[in-house]
Amino acid sequence: MDIQKEIDALRREIEYHSKLYYVMDAPVISDYEFDMLMQRLKKLEAEHPELITPDSPTQRVGGQALSQFEPVTHQVPLESLTDVFSYDELFAFGERMDSLLSEPHDYVVEPKIDGLSMSLEYENGVFVRGATRGDGTVGENVTENLRTVRSLPLRIQNAPERLIVRGEVYMSKQVFQELNAEREIRGEPLLANPRNAAAGSMRQLDPKVAASRKLDIICFNLQYSSDGGYETHAQTLDAMREMGFPVVSYQRYDRIEDCVERIEWLGENRGDFAFDMDGAVIKINRLTQREALGSTAKAPRWAVAYKYPPEKKESKVLDIVVQVGRTGVLTPKVIVEPIRLAGTTVSAATLHNQDNIDRLDLRIGDTVLLQKAGEIIPEVLSVNKDKRPEGTVPFTLPAVCPECGSPVVRDPDGAALRCTSPECPAQRLRNVAHFASREAMDIEGLGISVCESLINAGLVKNPADLYYLKAEDVAALDRLGDKSAAKLLSAIEKSKEAGLARLLCAFGIRQVGQKAGKVLASHYADLDALMAASAEELTQVPDIGGITAGFIVEWFKKPQSQHQIRLLREAGVDFSSHEEKKDDRFAGLTFVLTGALSRFTRDEASALIESFGGKASGSVSKKTSYVVAGENAGSKLTKAQSLGIPVLSEDEFADMLR
């Protein structure tokens, strides 16, 4: 390939993945794959310096401030680090330090936390502002969200008049696993890894959401102190620890070769740390020497990050078991002889689905190559067929649910096999929690932990059982009591009047959420009228396609569904529609909301659009009729302008509603 074309292609690919990683918090490739793309580009640019351009990914830190937050210009730039991937590259860094520094120098080695970098500002010991790294020069003001991080001190003792500290916000592995377990129960998409979970949490506009994510922070650099007085980086870390900051652990070494001991120890023990770690940072210790060395346009010359390559090991397959998830999906899991991998003992790995098993041609008794995806979840990379014993047979997922014996079906839009029973014991918690959730029947006080207690006590087997609970039984549960039980039963009673739209969402019918529930409830007077509709009739309802119509008809046919409906009817749950369409002024029109609205919440504005026969969409396209732009509108507004789509202010939108 022509060198210029390869460089251009690499830049486009790196910029694409950089946006997914830094801005959207939704990466589609591993850090290691991204690093290899960047290394290839650096190599080509080093060989052809005449082709380097100012906008190359190698010439900037990466990431940009999002439009939802006030921009903050960093007093001290938050630089990124140069990565090294071998000890030869590390020793080459040491040789550069030897040649550039005439006097003796030592090093500090720290774990490289995989989180979201922050600048923390204090005045007279009080936390006044916090900002993301952004592009290294300008970041996002996320002060209110940072205040929700419990490990961040809001006031420090014996502090200088002005202090700036750099830290890394992260989500602990345990919190990440708990959060994903809750999201699975609620039927929400699972988060990819703790780093992106932390970044997404810190970028929430509502600090209450950030607080619910239980984030942590660990500090690793003193950016600025009005008092000065420090000679080494190690002294600044010790001083920050005395002030009350959670501070990164470190070891000091006189020679670059000696740093290898700590790097290897961190790599072998990274599974024992609460946070994700993707490498080790090696820094010059003396601050005056750092100042003399300075920085390139992108990174300091006095530090590098040693990145750990993904560790891969072989193990023998002892068994393949099938688990039923809380959404009814059958998930095969391979049981292997225990091995030590990326700092933890691994004895099992997910196989995802039948298609993946067939692709690997994996069988019980095989020897497989394992790796931790994103250093978290063990996965099977390949099968060593040279070590396959005689007599093995292909593995096939069962045709019935292992939990309840109901038939399983393959998703029409994917590779997953799913249990067809709405009363499957494996799905019980998810079904009850979803039924009670805010977007469904909105039963206040009936969170996941209470649902779990009710199910474990044998009081609830399906959502309809909620309406038959007795106060004395609920009060006997742990952490409840008479007052809490009375309050909960009152909320359950109130939910009987929620109406058809919420009830349809609560049923958990595939592809029928809040919006579809409202659309159906605006076309059918009650549940009985909807149940009598054929699939063909349902497709005449706007936004209800053939697949969704099929899911609805099939759900109502199931004996378990009919049992639930009978119990709900006998309990007095209102089956009538509460949806009122005011008029059809927005019929055939699609609106997109962007930016911060002051008069309405997004949900309120969407509901008003739908009440006038329109559609509220989340993305701009040629089919968009209007974009309603609030404050700090971002890329959606830009796209609308480029497509020539009419843009409304909030006042103009309100005039249309009048």
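Before moving on, here are some points about what is shown:
- Angle in degrees between helix 546-557 and the longest Cα principal axis of the chain, rounded to the nearest 10: 60
- For segment 555-604, the set of GluC sites (Glu not before Pro) satisfying both a DSSP loop assignment and a count of at most 16 other C-beta atoms within 10 Å is given as 580.
- With 0.36 nm allotted per residue and the present C-alpha distance subtracted, the residue 312-residue 6 stretch has 107.2 nm of extension available.
- Angle of helix 482-494 to the longest C-alpha principal axis of the chain, folded into 0 to 90 degrees and rounded to 10: 60°.
- Acute angle (nearest 10 degrees) that the helix 233-243 long axis makes with the longest principal axis of the chain, alpha-carbon atoms: 50
- Ranked list, fewest to most other Cβ atoms within 10 Å of each Cβ, for 459, 369, 538: 369, 459, 538
- Magnitude of the charge dipole for segment 590-657, about its Cα centre and with charges confined to Cβ atoms of Lys, Arg (+1) and Asp, Glu (-1), is about 440 debye.
- Cα centroid separation - segment 194-238 against segment 77-139, whole Å: 14
- The label-point distance for residue 16 and residue 102, in a model that sets each label 7 Å from Cα toward Cβ, rounds to 5.1 nm.
- Positive-end extreme of charge dipole, the chain - chosen from 616, 459, 408 (charges on Cβ): 459
- Residue separation of residue 52 and residue 161 scaled by 0.36 nm, minus their Cα-Cα distance, works out to 34.9 nm of gained length.
- With neighbours defined as other Cβ atoms within 10 Å of a residue's Cβ, the residues 523, 233, 563 order from fewest to most as 563, 523, 233.
- Helix content alone sets the calculated 222 nm mean residue ellipticity of the chain: runs of n ≥ 4 DSSP H residues at -39500 (n - 2.57) each, divided across all residues, give -10000 deg cm²/dmol.
- The charge dipole of the chain, taken about its Cα centre with unit charges on the Cβ of Lys, Arg, Asp and Glu (plus for the first two, minus for the last two), comes to roughly 1120 debye.
- For segment 381-440 versus segment 301-340, the gap between their alpha-carbon centres in whole angstrom: 19
- Note on segment 71-307: dipole from Cβ charges, positive end direction compared against 165, 132, 101; the farthest Cα belongs to 132.
- Ranked list, fewest to most other Cβ atoms within 10 Å of each Cβ, for 99, 382, 495: 99, 382, 495
- When the Cα positions of 215, 49, 59 are compared along the charge dipole of the chain, 215 comes out farthest toward the positive end, with charges on each C-beta of Lys, Arg, Asp and Glu.
- Computed on the chain, the Cα convex hull volume stands at 204 Å³ per residue.
- Förster radius 25 Å - calculated FRET efficiency between residue 258 and residue 235, Cβ distance, rounded to 0.05: 0.80
- Applying a DSSP loop filter and a limit of 15 other Cβ atoms within 10 Å to the GluC sites (Glu not before Pro) in segment 500-559 leaves nothing.
Laboratory data are not the source of any read-out in this text; all were calculated from the coordinates shown. Values in this document were obtained by computation on a predicted structure and should not be read as measured data. With ideal geometry, Cβ positions are generated from the backbone for all residues, glycine too; neighbour counts draw on all protein chains shown.
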